[in-house]
């Protein structure tokens, strides 16, 4: 009976402290697999999220979706999603700007130009079924965060960019519903996109990845290892016995590898990604069996953790996919404009662990918000280029959604087109307003996240028993 007076004495909760508790609980649960394995790498992930607003967005998708799943009387209701099947579309999961990248369909030409390349949503680890609007809204937050941190990009600048994304999305759905598709080369839609495509073409031709991370010798190409990898985890290290055994199993199970695949060297790569920063990431040098370096290449084999199954999104691996490994590759084949956008793409399983094989090449390059910010500061980019990037993101995401299936296995395009109807202006206005709300929430959450790291430690107190932690 003494419990009730004790509870009453606590008084009303501080809203910020309640929010901090929600942030801690959500992120700790989302990162439990890393917490159980490697504290230092999880600390590195949290440090990246604290240091940069865009990286906070990248690392906090579970928090974002958990928030949207909570009842909130202050959240404006959507004017869309009245068509039932529009609520069960195969989603990219986290289509922020840095998850769009160049791809080189097939095995690619001997020499490259930007016209050889496509742009796709290249990271589909968080894919699952849910309202198509979630992907568009998440894309708006990512773009808004990027724009907000460009010097001199004010509220109107941010709104114009998000509006361009939303408008391009609706327009492309309409074009697809009429049986067409907007033609576009890689370098269309402004100088930000053109710079990425030019760099991908140049780096692909010059084998930039091989030049940066390996050396060719008479004994065959080998990785350049860095035995002094710092706390941020930048570099390549030799594999341990258990890691090497796991990679052996993964390579043996990769039935779609080239028939003349010959391994040259292997390593573990650290320091890439944000949400996946602590993930096991193997890289393999290989060739087709030739004596010289002309046929050398590299692949990345990265661990993929199951995305959270949150309210508002259906199960990530329903009966449409036999396994999470199958989801990894089959979602890409559904959502990409070409099934061979990355000819090395494959999903692999090692017991309960899932891995994704991708080409590791200069031809496969994603946007980098720091590079965009630098180009903006140098005067290389203006608002029209930012809106061009937004247009390409909206159009590409629409293309993915209109190729997608619903959770019942039906084409998603009719449901999305019917749901949008003739409401283009309403859709754009709603997405711009939602992005402003989401952006303000993300900025406030990052400030509380930083305070939580200072108060509870670099692991948000996950390494401290709850009874001992100040709550």
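Working carefully through the options 89, 121, 83, find the one that is surrounded by fewer than 20 Cβ atoms within 10 Å (Cβ to Cβ) and at pLDDT 95 or above.
Numbers: 89 fails: surrounded by fewer than 20 Cβ atoms within 10 Å (Cβ to Cβ); 121 fails: surrounded by fewer than 20 Cβ atoms within 10 Å (Cβ to Cβ).
Among 89, 121, 83, only 83 is surrounded by fewer than 20 Cβ atoms within 10 Å (Cβ to Cβ) and at pLDDT 95 or above.
Testing residue 379 on (1) on the phi > 0 side of the Ramachandran plot; (2) crowded, with 22+ Cβ neighbours inside 10 Å, one condition comes back false. Which one is that? So residue 379 meets the others, but not (2). Evaluate the following for residue 312: is it closer than 25 Å to residue 259 by Cα, modelled with pLDDT under 95 and under 21 Å from the mean Cα position of the chain (by Cα)? No, not satisfied.
Within the range 101-118, the residues that satisfy the criterion of being in contact with a helix residue (DSSP H, G or I) (Cβ under 6 Å, 6 or more places away or on another chain) and either at pLDDT 95 or above or surrounded by 24 or more Cβ atoms within 10 Å (Cβ to Cβ) (or both) are 102, 117.
Scanning the range 198-235 for residues that are under 30 Å from residue 115 (Cβ atoms) and free of Cβ contacts under 8 Å to residues at least 40 places away in the same chain yields 211, 212. Taking the conditions (1) surrounded by fewer than 23 Cβ atoms within 10 Å (Cβ to Cβ); (2) in contact with a helix residue (DSSP H, G or I) (Cβ under 8 Å, 6 or more places away or on another chain); (3) under 23 Å from residue 382 (Cα atoms) in turn, residue 156 satisfies each one other than (2).
Conditions tested, residue by residue: (1) closer than 21 Å to residue 154 by Cα; (2) buried (at least 20 other Cβ atoms within 10 Å of the Cβ); (3) touching a strand residue (DSSP E or B) at 6+ places or on another chain (Cβ under 6 Å); (4) modelled with pLDDT under 95.
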| residue | (1), (2), (3), (4) |
| --- | --- |
| 418 | no, no, no, no |
| 421 | no, no, no, no |
| 424 | no, no, no, no |
| 427 | no, yes, no, no |
| 435 | yes, yes, no, no |
| 440 | yes, no, no, no |
| 455 | no, no, no, no |
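With respect to the conditions (1) in contact with a strand residue (DSSP E or B) (Cβ under 9 Å, 6 or more places away or on another chain); (2) at pLDDT 95 or above, residue 395 falls short on a single one, namely (1).
Residues that are touching a helix residue (DSSP H, G or I) at 6+ places or on another chain (Cβ under 6 Å) and at pLDDT below 95 within the range 280-295 comprise 287, 288, listed in sequence order. Among the residues of the range 173-222, those identified as closer than 30 Å to residue 426 by Cβ and within 22 Å of the chain's Cα centre (by Cα) are 189, 192, 193.
Of all the criteria given as (1) modelled with pLDDT under 95; (2) on the phi < 0 side of the Ramachandran plot; (3) under 14 Å from the mean Cα position of the chain (by Cα), the one not satisfied by residue 135 is (1).
Contact annotation: residue pairs with Cβ atoms under 6 Å, 6 or more positions apart or on different chains, pairing a residue in the range 436-459 that is farther than 16 Å from residue 74 by Cβ with a partner that is outside any helix (DSSP H, G or I), are 452/460. For the range 348-363, a residue qualifies if it is in contact with a strand residue (DSSP E or B) (Cβ under 6 Å, 6 or more places away or on another chain) and either without any contact (Cβ under 8 Å) to a residue 40 or more places away in the chain or not in a strand (DSSP E or B) (or both), and exactly one does: 360.
Residue by residue, here is whether (1) in contact with a helix residue (DSSP H, G or I) (Cβ under 8 Å, 6 or more places away or on another chain); (2) farther than 28 Å from residue 432 by Cβ; (3) touching a residue at least 60 places away in the same chain (Cβ under 8 Å); (4) surrounded by fewer than 19 Cβ atoms within 10 Å (Cβ to Cβ) holds:
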residue: 21; (1), (2), (3), (4): no, yes, yes, yes
residue: 54; (1), (2), (3), (4): yes, no, yes, no
residue: 57; (1), (2), (3), (4): yes, no, yes, no
residue: 65; (1), (2), (3), (4): yes, no, yes, no
residue: 71; (1), (2), (3), (4): no, no, no, yes
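The values are calculated or read from the model by the stated rules, or taken from the named source; none is laboratory data. Please read these numbers as outputs of a predicted model, since none were measured by experiment. Note that we place each Cβ from the backbone using ideal geometry, even for glycine, and neighbour counts take in every protein chain shown.
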